[in-house]
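Below you'll find the structure, written out as structure tokens, and then a few comments.
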Amino acid sequence: MIVREEKTDYICQNPATVPINPEILEKARHVKAIIFDVDGVLTDGGIIYDNHGMEFKRFNVKDGQIIKYLKKYGILTGVITGRASKVVENRCNELKIDIHYHGISQKRITFEKILEEQSLQAHEVAYIGDDINDLPVLSRCGLSATPADGHATVKEHVDWVLSTVGGHGALRELGDLVLKAQGHYDKIITDLLS
């Protein structure tokens, strides 16, 4: 089934009907943490300023919803973002994201720091990034992904191009996959229906 997003030029398939490469599923089975960029992943990449310089961003609640289930099953969540933004910091705190670094120009250094601090191996981390400044982490992590509208060069260097565009549930798509690959997703649904 093909769905045209109302406010984009991107065609996205329903994630439930997209066949997943067995190598990606195998990598997802080992994920202990999902780390992601914000602008272009949790948001559509747009920034709105009012006349007083106040910054506004739009987030998708689907991403927030999956974070609580990832945490329930012991999967850490983290942000490494190039911009320092009070709006993003507030959203990270609201979602109780385990680790978040803001205003980071050298994302790989921060990624390595997270690995050390959290006693993680690179192959145990999934990362979603949408632009070339994410490549140093995308090339190092165990499962790399980019939204459907990620930069063309990034798409050439990731394990998985998501069917969802940034700001429309990209983290949710990866989170669902990880929970399914690890056998947790069906239990979540069963518990919700009981």
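Taking the range 130-145 as the region of interest, how many residues are farther than 14 Å from Q106 by Cβ and touching a residue at least 40 places away in the same chain (Cβ under 8 Å)?
Here the count works out to 5.
Consider Q182 against the criteria (1) touching a strand residue (DSSP E or B) at 6+ places or on another chain (Cβ under 9 Å); (2) over 18 Å from G40 (Cβ atoms): it satisfies all of them except one. Which criterion is unmet?
Going through (1) touching a strand residue (DSSP E or B) at 6+ places or on another chain (Cβ under 9 Å); (2) over 18 Å from G40 (Cβ atoms) one by one, Q182 breaks only (1).
Looking at the range 59-173, what helices (runs of 4 or more DSSP H) fall wholly within it and have at least 1 residues that are surrounded by fewer than 21 Cβ atoms within 10 Å (Cβ to Cβ), at pLDDT below 95 and touching a helix residue (DSSP H, G or I) at 6+ places or on another chain (Cβ under 7 Å)?
Counting at least 1 such residues, we get 61-72.
Looking at G53 and the list (1) over 15 Å from A126 (Cβ atoms); (2) open to solvent by less than 70 Å² (accessible area, probe 1.4 Å); (3) out of contact with any strand residue (DSSP E or B) (no Cβ under 8 Å at 6 or more places or on another chain); (4) modelled with pLDDT of 90 or more, which single condition is not satisfied?
Failed condition: (4).
Please go through (1) assigned to a loop (DSSP other than H, G, I, E, B); (2) open to solvent by 70 Å² or more (accessible area, probe 1.4 Å); (3) under 20 Å from D159 (Cα atoms) for G40 and return the number of the only condition it doesn't satisfy.
(2) is the only condition that G40 fails.
Need pairs with beta-carbon distance below 8 Å; first residue over 23 Å from L138 (Cβ atoms) and of a type in the set (D, E) and within the range 80-95, second modelled with pLDDT of 90 or more and in a helix (DSSP H, G or I); sequence gap 6+ or separate chains.
Here the result reads E94/G64, each pair linking the range 80-95 to a residue that is modelled with pLDDT of 90 or more and in a helix (DSSP H, G or I).
With respect to A126, is the statement that it is touching a Cys at 6+ places or on another chain (Cβ under 6 Å), small (G, A, S) and touching a residue at least 60 places away in the same chain (Cβ under 8 Å) true?
Here the answer is no, as A126 does not meet what is asked.
The values are calculated or read from the model by the stated rules, or taken from the named source; none is laboratory data. Everything quoted here is computed from the prediction, not taken from an experiment. Cβ: placed from backbone, ideal geometry, glycine included. Neighbour counts: every protein chain shown. The area values use the complete protein model at the heavy-atom level, side chains included, leaving out ligands, DNA and RNA. Shrake-Rupley method; radii C 1.70, N 1.55, O 1.52, S 1.80 Å.
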